[in-house]
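Quick notes on the structure that follows.
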Amino acid sequence: MNRQKNIEQSTFRRPTLARHSVAFNIDVPKGIIYGDGGGQKLGCMSANFRSPEGGRVTFAIANEALALHTPIPTPDGWTTMGELQAGDMIYGTTGEPVTVAEAFPVQVGRDCFRVTFLDGTSVIASDGHLWKAKPSGWPKQYNRLWTTRQMYEHKAKRWAIPIPGPQQRPERDLPMDPYLLGYWLGDGSTAGCNITVGDEDLEAFTANMIEIGVTVRPVGTKKGAANRMTFSDKSGFGADMGGEQARALRLLPCYRDKHIPEEYFLASIDQRIALLQGLLDSDGCAAKPGVIFVGRERLSRDVFQLLSSLGERPTIAFSADARSRDGGTWRVSFNPRYVTKCFRLARKQAKVVRATRTETYIASIEPVESVPVRCIRVDAEDSLFQAGESCQLTHNTHHWTPGQHGPAFYELTNNPSKGPGLAAVHEGEHGR
């Protein structure tokens, strides 16, 4: 009885209507409301909502939607929010695949915001989209679910959000050893099976190649220049010249056009780390800002994507340099958290300092022109999944309150972080 009385004393606020006492059979058409995080007061989010099923809404706790073009990583590669269907597999908090339990129809006319992360990437989210977040510098008790609008209207300048684990994928039968490919992408000849190696790394490089079953030998090294090592030999002719690794490289799409082939992004964690180690042994270093990779734009953006898939939070920046034929260089920086061994070269690995932070940040939230958006529900206990080009964790579950809605509604309005978190009640589906 007391619970019922508390719910009935809750209030609604709407742009065009006066406050109403809550009763479970109240008719609140075309309105989106949300819980104010522990209190009973509900605030209006938008005034033009129709249920995804097309029915009239009695009340809804959120319209947790992302723009249709939002990139979503999956075990089979990238898709978008607009292409997701029930049954698809995407990634959750730990990096394990989770199932899309429901994919709801497109909504239009929502108030939208651009949410920009610390790395400069961004997503467009609806006003009611939920985030597991905490105002930067605030006590732990503020680490809970917030809507995009709540964060936008809050005085906090930055918001801490959790960092996901590395994306789990099965081991693949790759055409070329990933470590060798990484080293070649960094310091190899674009149209040849040769790699440039400095004197201080030559012995370790040769030993690392032997460890993966690759024989290297010097070729065409000029006096006073860095060592030019080849992993091809004189057997065969043309494209068939050399050993297995050399022949495999010539058939890859990155030969004469350096980039990470798609199948290597889809490889296991260990295989992706091996690829990263090759890239960093050749064109990387450990410094005070963390670990840095330096390269041309396309390859640098690929390294950014590779690191994001491994649960790291990289940043990418361009440094102008008139001496460069590209006008400058691209730098990808990160503080290693999941990747404990960034290098196979001992002199570089000795300088690595692991990060201990478990959070990254939302740097800004700005209103933008409305775009079509949609919701999904994932089969994950914490309702979080990875979205955006840097694989950030976001909350996007849609729940319906059952029966006459009493206990569920009480939990949603009084403690949304412990209840379903978000809900909507539709006439015709659950009754009134």
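The values are calculated or read from the model by the stated rules, or taken from the named source; none is laboratory data. Just so we're clear, the structure is a prediction, and the values are computed from it rather than from any experiment. Glycine gets a Cβ as well: all are built from the backbone with ideal geometry, and neighbour counts include every protein chain shown.
Miscellaneous remarks
- If you go through segment 151-191 and keep only what is touching a helix residue (DSSP H, G or I) at 6+ places or on another chain (Cβ under 9 Å), in a helix (DSSP H, G or I) and either surrounded by fewer than 19 Cβ atoms within 10 Å (Cβ to Cβ) or among the aromatic types (F, W, Y) (or both), you end up with Y179, Y183, W184.
- In segment 209-238, the residues that are over 13 Å from Y179 (Cβ atoms) form Cβ pairs under 7 Å with partners that are exposed (fewer than 10 other Cβ atoms within 10 Å of the Cβ) and at pLDDT 90 or above, at six or more places apart or across chains, as follows: N227/D199.
- Enumeration of residues in segment 323-359 that are surrounded by fewer than 19 Cβ atoms within 10 Å (Cβ to Cβ), closer than 18 Å to L280 by Cα and touching a Phe, Trp or Tyr at 6+ places or on another chain (Cβ under 6 Å): Q349
- Selection of first residues in segment 347-367 that are without any contact (Cβ under 8 Å) to a residue 60 or more places away in the chain and of second residues that are part of a loop (DSSP other than H, G, I, E, B) and surrounded by 12 or more Cβ atoms within 10 Å (Cβ to Cβ), restricted to Cβ pairs under 7 Å at least 6 apart or on distinct chains, gives the following pairs, ordered by first then second residue: R354/P336; R354/R337.
- In segment 142-178, the residues that are more than 25 Å from C342 (Cα to Cα) and among the polar types (S, T, N, Q): N143, T147, T148, Q150
- Restricted to segment 295-322, and to residues there that are over 22 Å from the mean Cα position of the chain (by Cα) and under 11 Å from G186 (Cβ atoms), the residue that is surrounded by the most Cβ atoms within 10 Å (Cβ to Cβ) is G295.
- Yes/no for P75 being closer than 13 Å to V373 by Cβ and either in contact with a strand residue (DSSP E or B) (Cβ under 9 Å, 6 or more places away or on another chain) or modelled with pLDDT of 95 or more (or both): no
- Residue count for segment 192-217 under the criterion of being part of a loop (DSSP other than H, G, I, E, B) and either among the β-branched types (V, I, T) or on the phi > 0 side of the Ramachandran plot (or both): the result is 5.
- Considering residues of segment 385-412 that are of a type in the set (A, V, I, L, M, F, W, C) and at pLDDT 95 or above only, the residue farthest from the chain's Cα centre (by Cα): F385
- Selection count where residues are among the small types (G, A, S) and farther than 20 Å from W330 by Cα, scope segment 252-282: 3
- Looking across segment 338-387, the residues that are assigned to a strand (DSSP E or B) and either within 15 Å of Q277 (Cα to Cα) or hydrophobic (A, V, I, L, M, F, W, C) (or both) come down to I362, A363, I365, V368, V373, I376, V378, L384, F385, A387.
- Segment 143-183, residues that are more than 22 Å from the chain's Cα centre (by Cα) and among the acidic types (D, E): E153, D173, D177
- Contacts under 6 angstrom Cβ, first residue in segment 328-341 being closer than 14 Å to R357 by Cα, partner in a strand (DSSP E or B), 6 or more apart: F334/G290; F334/V291; N335/G290; P336/V291
- Identity of the residue in segment 112-149, assigned to a strand (DSSP E or B) and of a type in the set (D, E, K, R), that ends up surrounded by the fewest Cβ atoms within 10 Å (Cβ to Cβ): R114
- Lone unmet requirement of (1) over 13 Å from the mean Cα position of the chain (by Cα); (2) surrounded by 21 or more Cβ atoms within 10 Å (Cβ to Cβ); (3) not in a strand (DSSP E or B) for G109: (2)
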